[in-house]
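These notes are about the structure you will find just below.
What follows draws every value from the coordinates through simple rules; no lab data is involved. All of these numbers come straight from a predicted model, not from anything done at the bench. Methodologically, a virtual Cβ is constructed for each residue, glycine included, from the backbone with ideal geometry; neighbour enumeration extends over all protein chains shown.
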């Protein structure tokens, strides 16, 4: 009897091993049930999160997509039942069609797996930049195929392209570029035609007239006999809204109230120009600002292309009420400690001595003075522009904006002399 039980146990173990071996040797090709890319006439891909759909119909693109899919490196294979039981959804659903209307198969893709109704193939990670190769490939297709409900070719992304109402601008001569003021410059002739602004531009006076209206300053540039103008300025004159996609380096101009894009959080104006009665400063592509509702002399800075528009710092004007304090003289005498203490007191930060805070202060490449305050959970930079008794303070959260971006903003600061 014992011998029969042992034999039965061994047979069960063997059966389990054979079943497990067979399951683990199921290939992606077998799981999707399509053996040849030439049988596929259309691929339909849906972004599950944003409910947007795009299609692949070009034969060579279908071939490449299929090749990427079946050659994805698989780390582990398992039954899909456990995944569906947890209510897991993929990032994308992918459907293969034959003769456009005949569904051949459907499967799902996320950063860390490819799975059908029966089998799950683990590969990659859901961490950004570490997704499996097929998921990365789909993400690239999505950028080209359906980013703006207008087709972009692979060589057209990342090139400062301009799209007007979902139609990409084409240029007979020249191409867009960013000038030293961080303005996106576009050939005037093609932009004027696309916007239908009926504008005329005088290169000598740098004045533009919209539909024979009053001339308005529009500071253009001439390169190789081609007139370039700031796309934002002319678009706003034509009453267009302009958005900048930092990820694809693409500008979208539209008069529609609803921006039909799945990644709206990646959009921001190409360049924000701030001009107050006291100062002028330009913000980079991905940063915008809001005026403080309680303080007229303060504005908050936000990074646009992140969830919830993360807060990165502020700009605030202070008035130094200490008549006896001479910043220029103190700086000339090298009294860094005196200046630091004075500025921190001016900002109401005398309390910092109660905390274990590291601090450094000194000259800055762009501002008159800089102070760094840091500890394990507290890391901030302060830059000071001193104009008599007016002190303009730039504050940045170090974990939200790096030094290079900080200096890019600081380098554009100037006092408004008007």
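For region 389-418, backbone nitrogen atoms closer than 16 Å to the point 7 Å from residue 179 Cα along Cα-to-C-beta are found at 412. Applying 0.36 nm per residue to the separation of residue 73 and residue 336 and subtracting their alpha-carbon distance, the gain on full extension is 88.8 nm.
Please compute the contact order of region 25-145 in relative form: average sequence separation of alpha-carbon pairs under 8 Å and at least six residues apart, divided by the residue count, as a percent. Walk me through the numbers on the way to the answer.
Working: 211 pairs, mean separation 32.1, N = 121.
Averaging sequence separation for qualifying contacts and normalising by length gives 27 percent for region 25-145.
Sorted from longest to shortest, the spans of the Cα atoms of region 25-145 along the three principal axes equal 34, 29, 24 Å. Each Cα pair under 8 Å and six or more residues apart adds its sequence gap; the mean of these over the residue count of region 274-415 is a relative contact order of 25 percent.
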